[in-house]
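Data block below; observations after.
The values are calculated or read from the model by the stated rules, or taken from the named source; none is laboratory data. Nothing here was measured: the structure is a model prediction, and the numbers come from that model. Cβ coordinates were reconstructed from backbone atoms using ideal geometry, including for glycine residues, and neighbour counts include every protein chain displayed. Surface accessibility is based on the protein's heavy atoms, side chains included, excluding ligands, DNA and RNA. Shrake-Rupley method; radii C 1.70, N 1.55, O 1.52, S 1.80 Å.
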Amino acid sequence: MDIYTFTVVIDGDAGTDENTDALFEAGCDDATFSHSSGISYGDFDREAESLNDAVLSGIEAVESVGGLRVRRVDSDDFVTVLDFPAAVSSMRGKGKVWDWSEVAAWAGVDYDPERAATIAAVNGAFALRSAKSPLDAKQLARLFHFAAA
C-alpha cells in the first residue's frame, strides 16, 4: 500500500474539541484539521491501495461526524502565472487560477493523470450530490448514463 496526500474542504467546524475527538475516533488520525471563515480543511496522509480508496475513505470518515460534510477535494494543483492556457476561474476580477494538469500538458511536463482524473471524478460526484435535491430520478439517471459513456 502507498500513502496518498490530499486535502478535503469541509462545511462545518472541524476544529472544535468535540469534532476533533470525533474525527480521531472515526479514523482520521492521519489528518490535520484547520478552520477559517466558516470552512474547515482536512489535510490527509492516508495509506490505501489507490488514491480513490484513500480519498473516499477519508470523506466517509469525515462525514460520519455529525455536522460535517465534505464540499470538495482540493486538487492542490492551482497555479497563478500569466499566459497559461485558459484559466479555470477568474475569481471575479481578483486574479485567475489554473488547473495544474492543464498547465502541465500545455508546458509538456509530467504530471499524474490518475490523480487529476480521480480528484475530478470525486468532485463531479459532489456536484451530482448537490444537484440531487432539485433533480428527479430520471434526470439523475440520464446524467449517470452520460457520465459512464
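For region 103-145, with every protein chain kept in place, what is the accessible area per residue (1.4 Å probe, Å²)?
Details: 3030 Å² over 43 residues.
Per-residue accessible area for region 103-145 comes out at 70 Å².
Provide the FRET efficiency to the nearest 0.05 for the ALA107-ASP45 pair, computing r from the beta carbons and using R0 = 22 Å. Working shown, then result.
Values: r = 28 Å, r/R0 = 1.26.
E(calc), rounded to 0.05, equals 0.20.
Tell me the mean residue ellipticity at 222 nm calculated for the chain from its helices only (DSSP H runs of n ≥ 4, each -39500 (n - 2.57), averaged over every residue, nearest 500).
Details: 5 runs with 61 residues, N = 149.
Value at 222 nm, helices only, nearest 500: -13000 deg cm²/dmol.
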